[in-house]
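Student: Just dropping this structure here.
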Amino acid sequence: MMKVWMLPLCLWALSVLSTAGSVYAGDETRVISIDGSITEIVYALGAADHLVGVDTTSRYPAAAQALPNVGYMRQLTAEGILSLQPSLVITTAEAGPVAVLEQLDQAGLRVETITTDSSIAGVYAKIRRVAQLLVVQERGEELIGRLQSNIQTLQAQLHDRRGQAPPKVMFLLAAGNHGVMLAGKNTHADAMIQVMGGVNVVSDFNSYKPLTPEGGLQTLPDIIVVADTGSGGQAPASERVLEQFQLLQHTPAARQKRVITADSMLLLGFGPRIDQAIEAMAPAFYVSR
C-alpha cells in the first residue's frame, strides 16, 4: 500500500513526467551528475553538453559551478532533481538518502549508481562505466590510456626516490567551520595513502575524527598531507593547521619540510585527475639521497 505522505510527491512527479514526455522516453542527453568525480569524468570525456545539473561536490572544473545545483549529495530531494527533467542521473554509492533515490525510481527516472573501490583500478572502472552510459566508450579508453601512461611514469619516479621503509602519513582534512579532521581507516584519504605507498598513522578507528592538539606528537608522522576544502581563508591550509596545532611543528614531517597541501577534491576525488593528485603529493614522499 502506498504511504499517504508519498502521494503528493508521486502526483507531482507524474505531472513532471507528463510534461517531459520524450525526455523520459529514451533521450539520454539530459544528465544530472551527483558526485564531483563523476562530473569531472563527464567533462574529461568531452560530454559536458549532456549535463543539466550537478551537486555541491562538483566544484571542478569551474564551468560545473554555473550549472543548476541539486544540493549536497547525501541530502538530496526528489523535487529538486525532477524539476530539471533529467533523463539520467549518474551517482555513486555515497549519494542519498536512499528513500529519495527510491522515489526517483518510482517516478520512472533512470538512476545509475556506480560502485567502485577507492583505487587506481577503481578510477578506470568508473571512467569506463560513465563512458558507457554516455555512449562515448572510445573516448573513455583514450582517457584511461593517458592516465595509465602518466601514472606509470609517476610511480616509477616514486619508486626510485622513495625510501626503503613505507613512510608514516598523517592525512588531515581542513574542513573550514568543521575544524581539522584526522583521517582514519576505510576513508578515501587512507586509500590515497596506500596509492602513494605510505602507511596511515591511524590504525585504531574508521572514518574521520577531530584532530587533538597532541595528536601529532602521539603518532610522529613522516609526512603530513592537508586536504583543503577551500573554506578556511587565504593562507595555505598547511600553514593554518601548523599554526593552530603547534605541536605538529615538532614532528618529523614538519622538521623535514614534508608537509603538503592541495585541494580536497583533487586528493580525495578518485576521478580523472588521479595522476595530478599523485604528482601533487609526490614531493613529500621523496627522500634525499
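The values are calculated or read from the model by the stated rules, or taken from the named source; none is laboratory data. The model shown is predicted, which means the values in this text are computed figures rather than measured ones. FYI the Cβ positions are ideal-geometry reconstructions off the backbone, even for glycines, and counts take in every protein chain you see.
Student: Considering the stretch 16-55 alone, what residues qualify as being at pLDDT 95 or above, in a helix (DSSP H, G or I) and not acidic (D, E)?
Tutor: Once the filter is applied, which keeps residues that are at pLDDT 95 or above, in a helix (DSSP H, G or I) and not acidic (D, E), the stretch 16-55 yields G36, S37, I38, T39, I41, V42, Y43, A44, A48, H50.
Student: Of the residues A189, A131, only one is in contact with a strand residue (DSSP E or B) (Cβ under 6 Å, 6 or more places away or on another chain) and in a helix (DSSP H, G or I); which?
Tutor: Criteria check complete, one pass: A189.
Student: Mind telling me which of the residues V100, V89, V169, V123 ends up being closer than 21 Å to T56 by Cα and touching a Gly at 6+ places or on another chain (Cβ under 7 Å)?
Tutor: When all the criteria are applied, what remains is V123.
Student: Anything in the stretch 158-184 that is exposed (fewer than 15 other Cβ atoms within 10 Å of the Cβ) and either on the phi > 0 side of the Ramachandran plot or not in a loop (DSSP other than H, G, I, E, B) (or both)? List them, or say none.
Tutor: Passing the criteria: H159, D160, R161, G176, N177, H178, G179.
Student: Kindly evaluate R273 against the criterion of being outside the structural domain of T39 (by TED's automatic domain parsing) and more than 22 Å from V123 (Cβ to Cβ). Before the answer, list the steps.
Tutor: Working: outside the structural domain of T39 (by TED's automatic domain parsing): yes; more than 22 Å from V123 (Cβ to Cβ): no.
No: the conditions fail for R273.
Student: Just checking, which of R258, R273 is among the charged types (D, E, K, R), closer than 22 Å to D35 by Cα and surrounded by 19 or more Cβ atoms within 10 Å (Cβ to Cβ)?
Tutor: The unique qualifying residue is R273.
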